[in-house]
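What follows is one structure encoded as structure tokens, with my remarks underneath.
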Amino acid sequence: MPTNVATIETLKKEHKEGELRLDQHAPLDAQIEHLIRTDQHLNITRATKVPQLHTGPDPEGLKILPEHTRKRLVEGGVDISKGYPEIPDRSKIPVFVDQAYAIRNEDYPYIERGANADPEKKSLFAAAKEIKDVTKHIGTEITGLQLKDLTDKQKDELALLIEERGVVFFRNQKLPPKVQRDLGEYWGQVEVHPQTPQVPGLPGITVIWNDYLQKNGMNINFKNDNYGNFDILRYGSVGNQTWHTDLVHEHQPAGITHLHLDTIPDVGGDTIWASGYAAYDKLSEEFKRFLDGKKAVYVSAHSYLDRDDPFGGPKRVERVFPLVRTHPATGWKYLFVNRSMTRRIIGVTPVESDLILNYLFDVYEKNADIQVRFRWNSEPGYGTSAIWDNRSTQHRAVWDNEGIGARHGTRVTSLAEIPYFDPKSKSQREALGLPISKED
Ligand SMILES: [Fe+2]
């Protein structure tokens, strides 16, 4: 027998009496759930190589907390006296896939703020010192404006700018975590992640801190992580390094996402975004017609157990959404695929699906003219925000600092509408009157 396989008898010996209360008369799924929840050695999230962490605020995290992050948290009224970050309650983390489906698994109201905005964005632009596009097709930087001071009108206009330009950057910000969450709540229901570390006392603010996870055993390294058919479970790579769109498995997936980095390496730790509007417009008119109206299966990053087949291997939350979506604010069509979480196209064979999806991933990931790479640097004592439309873009982190030079941030995601495709909607280039090359 392999030495890493623990029998019930050895587990019983390893644990204090009473900790492992197996009841042979209880249903099997209840016994398994109990076992997983009460045994810290067992992986509850099955999110590849992300380590198991103890529930609650982590005092060990304080030992490596960067100074500027500490200052921002304390000045922002966050209580870090018991530790940082806060690890979600193990008793509430889903074990079975039906428990993961049940999270926010119903329609809820969504107000598309960008659709209510002044298309000219006069209020926002008048308050800024400079508004500059970073590349032609994606990314705009605004200077001379503090996010914490925005009026509701300016928030509407910023939403529309983000939704048109894909991502908007703000350097030299003083942004308390609570204010970041309030801004997110204005744009939609803030997603509270059941697994990832959070800012203590502020559920919905996810901590983005690879240095901490690496210290706790996360497998992140220099090796190649660009795979043809990416499967995070199989390859064990760290998901944020692979092209992806966040939270595509939600009943109402992500809309606007705001990452604020309060600690930035001197060199490295950039993030890259790509435009899904432009990726769609890269396709021939004939191929666009083929894809319009098709649906695909989108999976969660984390995996779970099947209650009815608990030894059958990891299962993910799966949702079916349009492969080409229409944006509710801009009205433009965009390609809604990503290598990490789009599993298959419905209505074609698996071989056909793989071929088509891999081509679409390549179009999205490999056309440099529809991408923006952002270096996060700000002046000392300030943080930088990137706010992106997590529907019509993909992104990936660049882990070239390899843990040298701290990098820490907080992320807030506003969930949006139930994805839809309007056959009458236009592509971005069509709507803007830009040339569209016709095939022979
Ligand atoms: Fe992400």
query: In the range 134-192, what trypsin sites (Lys or Arg not before Pro) fall in a loop by DSSP, with at most 16 other Cβ atoms inside 10 Å?
result: Lys136, Lys174
query: Counting pairs of alpha carbon atoms under 8 Å apart in space and at least six apart in sequence, what relative contact order in percent does the range 85-171 give?
result: 31
field: Within a Gaussian network of the chain (alpha carbon springs, distance under 10 Å), most fluctuating of Leu323, Leu145, Leu355
entry: Leu355
message: What distance in nm lies between label points placed 7 Å from Cα along the C-beta direction at Lys174 and Gln146?
response: 0.5
Cut-off under 5 Å, modelled amide H: who pairs with His193 long-range: Gly204
message: Mean-square fluctuation check for the chain, GNM, Cα pairs under 10 Å: which of Ile208, Ile44, Ile131 is largest?
response: Ile131
field: Principal axis dimensions, the range 80-187 - Cα atoms, whole angstrom, descending
entry: 49, 38, 27
task: Grab the beta carbon distance between Leu28 and Lys223, set R0 = 60 Å, and tell me the FRET efficiency rounded to 0.05.
output: 0.95
- prompt: Among all the lysines, which ones have a C-alpha under 18 Å from Lys122's C-alpha, if same-chain residues fewer than 8 places away are not counted?
  reply: Lys132, Lys153, Lys155
- prompt: Using r as the Cβ-Cβ distance of Lys215 and Thr38, and R0 as 30 Å, what FRET efficiency do you calculate, to the nearest 0.05?
  reply: 0.75
- line: With +1 on the Cβ of every Lys and Arg and -1 on the Cβ of every Asp and Glu, the dipole magnitude of the chain about its Cα centre, in debye rounded to the nearest 20, is 440
- prompt: Say a site is exposed when it is one of the chymotrypsin sites (Phe, Trp or Tyr not before Pro), sits in a DSSP loop, and has at most 15 other Cβ atoms within 10 Å; what is then the longest site-free stretch of the chain?
  reply: 1-221
message: Can you give the longest run of the chain that contains no GluC sites (Glu not before Pro) sitting in a DSSP loop with at most 12 other Cβ atoms inside 10 Å?
response: 121-438
Dipole axis of the range 315-440 (+1 Lys, Arg; -1 Asp, Glu on Cβ), positive-most option in Ala329, Ser427, Val351: Ala329
message: Given bins 10 angstrom wide, list per bin the percent of all Cα-Cα distances in the chain, short to long.
response: 4, 20, 31, 26, 13, 5, 1, 0
- prompt: If the limit is 31 Å between Cα atoms, which of Lys223/Lys333; Lys71/Lys129; Lys136/Lys174; Lys92/Lys223 go over it?
  reply: Lys223/Lys333; Lys92/Lys223
- line: For the Val267, Asp362 Cβ pair and Förster radius 35 Å, calculated FRET efficiency rounded to 0.05 is 0.75
- prompt: How high is the relative contact order of the chain, given as a whole-number percent (alpha carbon pairs under 8 Å, six or more residues apart)?
  reply: 24
query: What residue among Lys315, Lys223, Lys122 has the largest mean-square fluctuation in a Gaussian network model of the chain, using Cα springs under 10 Å?
result: Lys223
message: Given the options Gln24, Ser300, Ile272, identify the residue whose Cα lies farthest towards the positive end of the charge dipole of the chain (+1 on Cβ of Lys, Arg; -1 on Cβ of Asp, Glu).
response: Ile272
message: Distance between the C-alpha centers of the range 381-440 and the range 83-156? Whole Å please.
response: 12
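Bear in mind these aren't lab numbers, they're just calculated from the coordinates by the rules spelled out. Please read all numbers here as calculations on a predicted model, not as lab measurements. Here Cβ is always computed from backbone atoms with ideal geometry, including for glycine, and neighbour counts include all displayed protein chains.
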